[in-house]
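Trainee: Here it is, the structure, as structure tokens.
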Amino acid sequence: MENHYLVLGVSPTSTHEEIKRAYYALSRQIHPDKRTNEAIGSPTVEFHQLSVAWEVLSDATKRREYDRQLNTHQNRNRGVVQDEVDLDDMDFDPKDCSYTYLCRCSGTYVISEDDLEAGCEIAPCTGCSLKIRVLFEAVDEE
């Protein structure tokens, strides 16, 4: 999914006026009629991306829908934490020094002791994109 905010070089929190200024400034720079010594076709693609971004972000309704879709897409890529699981509820494998927990996809969440000691608390599933947060208390061994 193309990020229209990146195309325009603005933040998702930008106002309509800020987006408008960015669009007009960029369109003056990359419009196919304004460019010289560029490969044919390249400016058209860039200007088309710019035009699509402006069309979506300039309309409040389209922008709200786009923001919702972008958020969903980004969360899916980040692998939103599905659940929190206590370390005591996970199975320990002494030969791998890792903890496992069954996922609803029949895959397994896995996190090693080394990961836990390093402060990592997110365990990915081996069979899907889901992740869990492992709840545990660090114990000082003195």
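The values are calculated or read from the model by the stated rules, or taken from the named source; none is laboratory data. Here the structure is a predicted model, which is why all the values come from computation and not from measurement. Cβ placement follows ideal geometry from the backbone for every residue including glycine, while neighbour counts extend to all protein chains displayed. For accessibility, only protein heavy atoms count, side chains too; no ligands or nucleic acids. Shrake-Rupley method; radii C 1.70, N 1.55, O 1.52, S 1.80 Å.
Trainee: Could you identify the single residue in Q82, Q74 that is within 30 Å of Y5 (Cβ to Cβ), modelled with pLDDT under 95, touching a Lys or Arg at 6+ places or on another chain (Cβ under 9 Å) and surrounded by 10 or more Cβ atoms within 10 Å (Cβ to Cβ)?
Mentor: Q82
Trainee: Out of the range 108-131, which residues are surrounded by 16 or more Cβ atoms within 10 Å (Cβ to Cβ) and small (G, A, S)?
Mentor: A123
Trainee: So which residues in the range 46-59 are open to solvent by 60 Å² or more (accessible area, probe 1.4 Å) and modelled with pLDDT under 95, if there are any at all?
Mentor: E46, H48, Q49 - these are the residues of the range 46-59 that are open to solvent by 60 Å² or more (accessible area, probe 1.4 Å) and modelled with pLDDT under 95.
Trainee: Take the residues in the range 15-35 that are in contact (Cβ under 8 Å) with a residue 12 or more places away in the chain and within 17 Å of V56 (Cβ to Cβ), then tell me which one is least open to solvent (accessible area, probe 1.4 Å).
Mentor: Filtering the range 15-35 for residues that are in contact (Cβ under 8 Å) with a residue 12 or more places away in the chain and within 17 Å of V56 (Cβ to Cβ), the one least open to solvent (accessible area, probe 1.4 Å) comes out as I19.
Trainee: Give me the pairs, please: first residue somewhere in the range 110-128 and without any contact (Cβ under 8 Å) to a residue 60 or more places away in the chain, second residue anywhere and open to solvent by 50 Å² or more (accessible area, probe 1.4 Å) and of a type in the set (F, W, Y), beta-carbon distance under 8 Å, and either six or more positions apart or on two chains.
Mentor: Once the first residue is without any contact (Cβ under 8 Å) to a residue 60 or more places away in the chain and sits in the range 110-128, its partners that are open to solvent by 50 Å² or more (accessible area, probe 1.4 Å) and of a type in the set (F, W, Y) give L116/F136; E121/F136; A123/Y101.
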